[in-house]
1. Can you sort 17, 121 by how many other beta carbons sit within 10 Å, fewest first?
2. Using Cβ contacts closer than 10 Å as the measure, can you line up 80, 157, 43 from fewest to most?
3. Taking the Cα-to-Cβ direction at residue 32 and at residue 151 and moving 7 Å from each Cα, how far apart do the two end points lie in nm?
């Protein structure tokens, strides 16, 4: 039985649809994590900026007794790390540079009878596998950027925690 090109391509797409859908969901989940880091980083940055105002005005430095320089350096390191966190998270959210074929585009494919529907199916599978590989590579890069974002956020939180210990220790 001869298949139309549309039927052959649709059959090939149905074969890879679960894998493509899983990669799209992975990308969405990574975007959600990056957006959460942007939100958390922004809140912590606002708190650090408020705290910095007191530190840089000198009102909070009076009681540190020799710990002024480490406290200021830690605060600066924290703010820089938070800025890097937000920049990296936004970079993680950047979209792909090329369009991804959507299953809705199937209707646009030609509907003509072909002699070798299996050949069309194989070519379509190859094309879709290439798209899937590109999507996986994109997600792998996104994972690496997200790891760097988590790392800079951890540095910022640690710096703020140590700085808080210095200030609270001096207040006691």
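1. Fewest to most other Cβ atoms nearby, the residues stand as 17, 121.
2. Working: 80 14, 157 17, 43 11.
Ascending Cβ contact count within 10 Å gives the list 43, 80, 157.
3. Reported label-point gap for residue 32 and residue 151 is 2.6 nm.
Taken together, the values in this text are just the output of simple stated rules run on the coordinates, not laboratory data. Bear in mind that the values here come from a model prediction, so they are computed numbers and not experimental data. Heads up, the Cβs are rebuilt from the backbone with ideal geometry, glycines too, and the neighbour counts pull from every protein chain shown.
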